[in-house]
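Where a number appears in this text, it was derived from the coordinates with a stated rule and is not lab data. Just so you know, these numbers come straight off a predicted model, no measurement behind them. Don't worry about glycine lacking a Cβ; one is built from the backbone with ideal geometry, like all the others, and counts go over all protein chains shown.
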Amino acid sequence: MTRGGALVTGAGGGLGREVALRLGALGHTVHVTDVDQALAEAVAEEVGNGAFASGYDVRDADAAPELAARTVRQAGSLALWVNNAGVLFTGPMWEQSAQTRQLMFDVNVLGTTHGMAAALGVMTKAGRGHVVNIVSLAGLSAVPGEAVYAGTKHAVMGLSVSTMLDLRIAGLRDVHVSCICPDGMWTPMLYDKLDDPCASMSFSGVLLEPGDVADVVARVVRRPRPVTAVPRWRGSMARAFDLSPRLTLLGGPLVVKGAVKQQRRMRRRLLDDPARVAAALRMRRGAPDA
């Protein structure tokens, strides 16, 4: 028996694909969406169990309610919506073009907002459902080199927690919003940033595999939590770093120096690992892992 429909955005590869596979295994009928419909269809075929696919640009506000309605039609309900799609561009914000800044806000913030509004429009009427937002540790702390990206992720955190409060005030105890805040992940978002010093903070802790984070998503789906950092100790560190902006400004340059060294060590280790390099190349082409 199906556990209901589950829509995943940006699921044509990387973390989104892994999440779709986990949800299919949990018994959900998965609606795989991606801006590249061909990739979405390939992943839906992998997931099986009635999974289906749609091309979806999360910036399209009108498309989100249509996809929510399609999920209900084909799966019988919309039990889960996972906002995974996101983009990252690094560098000082004053050096980025207006178009680059706009794109990050359009995808990361408005894309998530459109998805949440469409999902909750269905879930609040049904009296149950769960929205999972893939955020980042950048939503919990300042991130030098990724200022605009961090700004978008802070916005998603504020949006999510505030919406959770609104749901509880409205008496909707079985409608949940959860934020997953992972450390850096070895996905297409980071493949081309091994030599980018502005991305060093993404390599400063634990470089996670998409499957590691997808496992956490599956746990949170089974037992909803408002905010989950991956790994948990990095979340505690990020929150502590954010408590005192003055200390952050004083210690930040030293932290970045250490992060650049860690990035260089990680680059050597990754490039010496043929399996991880091959996995990165497969994901670049949109092919699933073997």
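If Lys and Arg each add +1 and Asp and Glu each add -1, what is the summed charge of the other residues whose beta carbon sits under 14 Å from the beta carbon of Leu78? Could you put the intermediate results ahead of the total?
Numbers: positive: Arg3, Arg70, Arg73, Lys125, Arg128; negative: Glu66, Asp174.
Around Leu78, the charge tally is +3.
Please give, to one decimal in nm, the separation of the simple spin-label points placed at Arg232 and Asp62, each 7 Å out from Cα toward the Cβ.
Here the modelled spin labels are 4.7 nm apart.
Starting from the amide H of His176, placed 1.01 Å from N in the peptide plane, find each other amide H under 5 Å away whose residue is 5 or more places distant or on another chain.
Those qualifying (amide H under 5 Å, at least 5 residues apart or on another chain) are Gly129, His130, Val131.
Work through the residues other than Thr113 whose Cβ is under 11 Å from its Cβ and net out their charges, Lys, Arg +1 and Asp, Glu -1. Before the final figure, lay out the partial values.
On the way: positive: Arg59; negative: Asp106.
Within the 11 Å Cβ shell, the charges total 0.
Note the full-extension length gain between Ala25 and Leu103 as 0.36 nm times their separation in residues minus their Cα-Cα distance, in nm to one decimal.
Details: separation 78, 0.36 × 78 = 28.08 nm, distance 3.34 nm.
Full extension from Ala25 to Leu103 adds 24.7 nm.
Tell me, what HN-Hα J-couplings in whole Hz come from the Karplus equation 6.51 cos²θ - 1.76 cosθ + 1.60 at θ = phi - 60° for each residue of segment 74-86, using x for Gly and Pro?
Running phi through 6.51 cos²θ - 1.76 cosθ + 1.60 with θ = phi - 60° gives 8, 10, x, 6, 10, 8, 8, 10, 10, 8, 10, 4, x Hz.
Tell me which residues come under 5 Å, amide H to amide H, from Val227 once H is placed; ignore anything under 5 positions away on its chain.
Amide H neighbours of Val227, under 5 Å, 5+ apart: Cys179.
Take peptides 96-109, 39-52 and line them up by average Cβ neighbours within 10 Å, highest first, as a rough protection proxy. Mind dumping the intermediate values first?
Working: 96-109: 15.8, 39-52: 19.9.
Result, highest mean first: 39-52, 96-109.
Using θ = phi - 60° and the Karplus form 6.51 cos²θ - 1.76 cosθ + 1.60, what ³J(HN,Hα) does each residue of segment 217-222 get, whole Hz, x for Gly and Pro?
Computed from phi, the couplings for segment 217-222 are 4, 4, 5, 5, 4, 6 Hz.
Which of the peptides 71-80, 57-66 is most tightly packed, and how do the rest follow, judged by the mean count of other Cβ atoms within 10 Å per residue? Kindly include the intermediate steps, with their values, before the conclusion.
Numbers: 71-80: 20.0, 57-66: 16.4.
Averaged packing, sorted descending, gives the order 71-80, 57-66.
Could you derive backbone 3J(HN,Hα) for segment 42-56 from the dihedral phi with the Karplus parameters 6.51, -1.76 and 1.60 (θ = phi - 60°), listing whole Hz in sequence and x where the residue is Gly or Pro?
So the Karplus estimates, Gly and Pro as x, are 5, 5, 4, 5, 4, 5, x, 6, x, 4, 9, 10, 9, x, 8 Hz.
Based on the mean of other Cβ atoms within 10 Å per residue, sort peptides 140-148, 85-93, 159-167 so the most packed one is first.
140-148, 85-93, 159-167
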